[in-house]
């Protein structure tokens, strides 16, 4: 009887260890997943929405840890030195939407790349930069020609507008 109990205990420890490894691989912090934008886990969630900025989005995951709700964005591309600015602002938008939708201001969000995970602090400065960026996008959205904002040939290679862009690298 003791041998059976010991066997079940060992199996339980192994399963917990594997589950922790899988959670760590996704970049998810500890806590309960309360939102997932992936068909693997069931129907896709409704997007978060803020009427004031007319901003909506679907973070990959929202993890509730105590009273904190943390957005997690999982990227498929590898990163070299630092997260891309566009990814930081995407995550900041999710932090803004969490605050608007849940009434809880996240202290940070998580950007997970295949080779590295970053904790991005959601500071008042980052929020102000996000709002400025959204306002700029809205005011320039009517323009027929908006200049490319980077010098990265790799970004151009993977851009959905490459075939029609007159500024591709």
Exercise for review: State all residues of the range 36-58 that are surrounded by 12 or more Cβ atoms within 10 Å (Cβ to Cβ), modelled with pLDDT under 85 and part of a loop (DSSP other than H, G, I, E, B); if no residue qualifies, say none.
Suggested key: 37, 38, 45
Check your understanding: Conditions: (1) more than 16 Å from residue 35 (Cβ to Cβ); (2) without any contact (Cβ under 8 Å) to a residue 60 or more places away in the chain; (3) in contact with a helix residue (DSSP H, G or I) (Cβ under 8 Å, 6 or more places away or on another chain). Residue 93 meets all but one. Number of the miss?
Key -> (1)
Exercise for review: Hey, can you tell me all the residues within the range 63-81 that are more than 9 Å from the chain's Cα centre (by Cα) and touching a residue at least 24 places away in the same chain (Cβ under 8 Å)?
Suggested key: 63, 64, 65, 66, 67, 68, 69, 70, 76, 77, 78, 79
Exercise for review: Among the numbered conditions (1) over 17 Å from the mean Cα position of the chain (by Cα); (2) free of Cβ contacts under 8 Å to residues at least 40 places away in the same chain, tell me where residue 53 comes up short.
Suggested key: (2)
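The values are calculated or read from the model by the stated rules, or taken from the named source; none is laboratory data. The model shown is predicted, which means the values in this text are computed figures rather than measured ones. All Cβ positions, glycine included, derive from the backbone under ideal geometry; neighbour counts span all protein chains shown.
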